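The values are calculated or read from the model by the stated rules, or taken from the named source; none is laboratory data. Predicted model only: the values in this text are computed from it and were never measured. As a convention, Cβ positions derive from the backbone with ideal geometry for all residues, glycine included, and neighbour counts pool all protein chains shown. All accessible areas refer to the heavy atoms of the entire protein, side chains included, with ligands and DNA or RNA removed. Shrake-Rupley method; radii C 1.70, N 1.55, O 1.52, S 1.80 Å.
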Amino acid sequence: MRRFVVALGGLACATVALASPAAAYEIDPLTRQPLSDVLTVRVRPQNVLPTANAALPADIPGTPGSAADPLASAVPQMTAIPRETVAYSGPYAPGTIVVATTERRLYLVQPGGEALRYGVGVGRPGFTWGGNQTVTMKREWPDWRPPAEMLRRRPDLPRYMKGGIENPLGARAMYLGNTIYRIHGSNEPETIGTAVSSGCIRMTNEDVTDLYSRVKVGARVVVQR
């Protein structure tokens, strides 16, 4: 399995306005990324079949999806943190996304005092944040373009990665405000329920696809530290 170590990009999300890096880290002044503790992101080679939960085979861009196609036989694995409907008595209106970073859970508020609860991966120490945002854009199988400042530090990284099963942003992405934070899928489902990102909210591809289908552009997002 090939691995790229990235400091900031479509997946490794950090923003000067909201992130508050811990003093123990040496921070890159351009990316606000710790220089001594960079983030490891898996990028799946093109010639390796996906593991369970890596993708939604019939939905992969450019995939025929026929029974003869080996990708079509991959069976997505249920997340270790089951998606479920729970009682909810918070102050937010239906349609609001509430991310409880300490719980590592995301709630989509429903009518009638309920919410859909999902397991998520959140920002690692030094990259937790809180506040109110809105969903400003939605993308299926988003592409990844590392920013110029990261490429100057890591010229070995790809300049562009097409959306698909090997892309760190996974099956869906919902962009938050004018930040570079996203709620997105992941080809590393084992990281769900942990604090490993640089501020983005990770979900399994199954869960992010479900959430994506329920959320509209303009939806309110409340991130609680």
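Here are the numbers for the structure shown:
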{"read-out": "3J(HN,Hα) from dihedral phi, the range 197-205, Karplus parametrisation 6.51/-1.76/1.60, rounded to Hz, x for glycine, proline", "value": "8, 9, x, 6, 9, 9, 9, 5, 4"}
{"read-out": "Candidates per chymotrypsin sites (Phe, Trp or Tyr not before Pro) in the range 131-225, loop by DSSP, up to 13 other Cβ within 10 Å", "value": "TYR160"}
{"read-out": "Per residue value of the accessible surface for the range 75-171 (all protein chains in place, 1.4 Å probe), Å²", "value": "47"}
{"read-out": "Under 5 Å, built H, 5+ apart or other chain: amide partners of ALA195", "value": "VAL122"}
{"read-out": "Loop-located trypsin sites (Lys or Arg not before Pro) in the range 143-221, at most 10 other Cβ atoms within 10 Å (DSSP)", "value": "ARG159, LYS216"}
{"read-out": "Backbone HN-Hα couplings from phi across the range 206-218 [Karplus 6.51/-1.76/1.60, Hz, Gly and Pro as x]", "value": "5, 5, 5, 5, 5, 4, 4, 5, 9, 10, 9, 4, x"}
